[in-house]
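Participant: Okay, here's the structure, questions in a sec.
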Protein chains: 2
Amino acid sequence: MAGKLYVIGMGPGSMEQMTPQAYHALRECDVIAGYTVYIDLLKDHFPGKEYLSTPMTREEERCRMALAQSASGRNTALVCSGDAGVYGMAGLVLELASDYPGAEVEVIPGITAASSGAALLGAPLIHDFAAISLSDRLTSLDTIWRRVELAAEADFVICLYNPASRSRKDYLAEACRLILKYRGEDTVCGIVRQIGREGQEHKVMTLRELVSWQADMFTTVYIGNSETKRIGDYMVTPRGYRHERK
Amino acid sequence: MAGKLYVIGMGPGSMEQMTPQAYHALRECDVIAGYTVYIDLLKDHFPGKEYLSTPMTREEERCRMALAQSASGRNTALVCSGDAGVYGMAGLVLELASDYPGAEVEVIPGITAASSGAALLGAPLIHDFAAISLSDRLTSLDTIWRRVELAAEADFVICLYNPASRSRKDYLAEACRLILKYRGEDTVCGIVRQIGREGQEHKVMTLRELVSWQADMFTTVYIGNSETKRIGDYMVTPRGYRHERK
């Protein structure tokens, strides 16, 4: 008989932001698979498990490893940071699952970086927003820039995942330049780094400042819409309730 | 001395999907304020608190009530379903806070409907997506339709909040018609209702079927991008890992 395969969003990193649903699924599993860094965060909390880790870019290998464990009859967890369903591995697991008859997949959601980072900045995502990854490892740059421009034109608050890496140092600046075609230099923006982990930081700034901000792969970036404002140290997008009809 | 005001995203509804951070903040509070329906979900789990509830459309009143409690020195929680920072009340609280000197606001994120619903459907939000509310109570219809069209043109997966209400029965159909200018009738779509609560249901369908789907205010809607596929009963948006560079 095949075991369960839970694809688990562990949230930003701390146990305080992992749901009981995720916690209980991890407790129930014999095997926990994931990217090395996330596995290291879990080992102390879930002793006595078999841990399987792979480096960051080996997503397919990681998914197949977890599916094979599950198909062999062991309850297995595949952990993702944030939400397993937002730039996470839930999709790939479901695409590959037919190669592993009997593996029963369940996706357990977690708090994605857009949400956990927003809470630190105040309330940037209160109204319509677009999430865009600037990683061109699996998406063409043409598609990415086109989405950035149309999102700017539509006046979405924009949340950028993977804004930079060692080989993509200038992508955030390019995204900002495209957005500047539609929004002013004083547009309120924010960055968050290392959400829920050691070294966590956040900062509210203007779009002008963001152009030359050196982001890294642990940064999530927020670009406000035309109504987003700075209130003290907070970035706040209104929904218009101050003018609500009584 | 003023008390804390926690603006808390309680997640989709069940205690299993509320983070320990939210749970501990609620335990620490003297007063819990919120929309009647959410308050009723909490009363059994947090006895001995003072509960303050207001009907659904009275957001400003609810925020001011919570801020006043906090300013008077009581630790207070203002609860929102899903994430307090996504179509939630974190923004309005921060806008009004300056009227209540000393109230110390902290936003505690939760799992928003986009994430919790996606987990039930499979993995529709694996890649870039746009979240749009079809409620025109506080946003002009022109802005809403413009965002829907530009999001469709940009090939975002689209997640619709508030797709319908008693007075807006035909808005989802109109959104679908706009999206059909850019995507085929066979585009994979999904709906989720009453996430994490009694009567929870979900269904994968085509965009053609979605046009005539009667959504209600407890429904969240997902419209796939050009690559989203149906795998068994799941809605899955690929990131392209099957073709990853080795």
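The values are calculated or read from the model by the stated rules, or taken from the named source; none is laboratory data. What you are looking at is a predicted structure, and each value in this text was computed from that prediction instead of being measured. With ideal geometry, Cβ positions are generated from the backbone for all residues, glycine too; neighbour counts draw on all protein chains shown.
Participant: Write out, first by first residue and then by second, each pair whose Cβ atoms fall under 8 Å of each other, whose residues are 6+ apart or on separate chains, and whose first residue, in region A:203-225, is more than 19 Å from A:A119 (Cα to Cα) while the second is among the polar types (S, T, N, Q) and assigned to a loop (DSSP other than H, G, I, E, B).
Facilitator: A:L207/A:T187; A:D216/A:S165; A:M217/A:N162; A:M217/A:S165
Participant: Just for region B:145-160: of the residues that are assigned to a helix (DSSP H, G or I) and out of contact with any Asp or Glu (no Cβ under 7 Å at 6 or more places or on another chain), which one is surrounded by the most Cβ atoms within 10 Å (Cβ to Cβ)?
Facilitator: The qualifying residue surrounded by the most Cβ atoms within 10 Å (Cβ to Cβ) is B:A151.
Participant: Moving to a separate point now. Looking at (1) more than 30 Å from A:V236 (Cβ to Cβ); (2) modelled with pLDDT under 95, can you tell me which one A:Y51 breaks?
Facilitator: (2)
Participant: Can A:D142 be described as free of Cβ contacts under 8 Å to residues at least 40 places away in the same chain, part of a helix (DSSP H, G or I), surrounded by fewer than 24 Cβ atoms within 10 Å (Cβ to Cβ) and not assigned by TED's automatic domain parsing to the domain that holds A:L67?
Facilitator: So A:D142 fits the description; yes.
Participant: Here's something else I'd like to know. Would you check which residues across region A:74-96 are aliphatic (A, V, I, L, M) and not in a loop (DSSP other than H, G, I, E, B) and list them?
Facilitator: Within region A:74-96, A:A77, A:L78, A:V79, A:A90, A:L92, A:V93, A:L94, A:L96 qualify.
Participant: Among what's in region B:72-113 and is within 17 Å of A:I231 (Cα to Cα) and more than 13 Å from every other protein chain (Cβ to nearest Cβ), pick the residue that is farthest from the chain's Cα centre (by Cα).
Facilitator: Here the residue is B:G102.
Participant: Can you tell me which condition B:A131 does not meet? The list is (1) at the interface with another protein chain (Cβ under 7 Å from one of its Cβ atoms); (2) in a helix (DSSP H, G or I), and all the others hold.
Facilitator: (2)
Participant: Further question: Identify all residues within region A:15-48 that are buried (at least 18 other Cβ atoms within 10 Å of the Cβ) and in contact with a helix residue (DSSP H, G or I) (Cβ under 8 Å, 6 or more places away or on another chain); write none if there are none.
Facilitator: A:Q17, A:M18, A:T19, A:Q21, A:Y23, A:L26, A:V31, A:I32, A:A33, A:G34, A:Y35, A:L42
Participant: Would you check if A:P163 is within 10 Å of another protein chain (Cβ to nearest Cβ), part of a loop (DSSP other than H, G, I, E, B) and touching a Leu at 6+ places or on another chain (Cβ under 8 Å)?
Facilitator: no
Participant: Return yes or no: is B:M56 under 21 Å from the mean Cα position of the chain (by Cα) and at pLDDT below 95?
Facilitator: yes
Participant: Looking only at region A:88-125, count how many residues are under 25 Å from B:D155 (Cβ atoms) and either surrounded by fewer than 24 Cβ atoms within 10 Å (Cβ to Cβ) or aliphatic (A, V, I, L, M) (or both).
Facilitator: 12
Participant: Exactly one condition in (1) in contact with a Gly (Cβ under 6 Å, 6 or more places away or on another chain); (2) outside any helix (DSSP H, G or I) is not met by B:D44; state its number.
Facilitator: (1)
Participant: Out of the residues in region A:185-200 that are in contact (Cβ under 8 Å) with a residue 24 or more places away in the chain and part of a loop (DSSP other than H, G, I, E, B), which is surrounded by the fewest Cβ atoms within 10 Å (Cβ to Cβ)?
Facilitator: A:R197
Participant: Hey, can you tell me all the residues within region A:1-40 that are facing another protein chain (nearest Cβ under 9 Å) and either hydroxyl-bearing (S, T, Y) or assigned to a loop (DSSP other than H, G, I, E, B) (or both)?
Facilitator: A:P12, A:S14, A:M18, A:T19, A:Y23
Participant: Mind checking whether some residue in region B:214-230 is in a helix (DSSP H, G or I), over 20 Å from the mean Cα position of the chain (by Cα) and outside the structural domain of B:G85 (by TED's automatic domain parsing)?
Facilitator: The answer is no; no qualifying residue exists.
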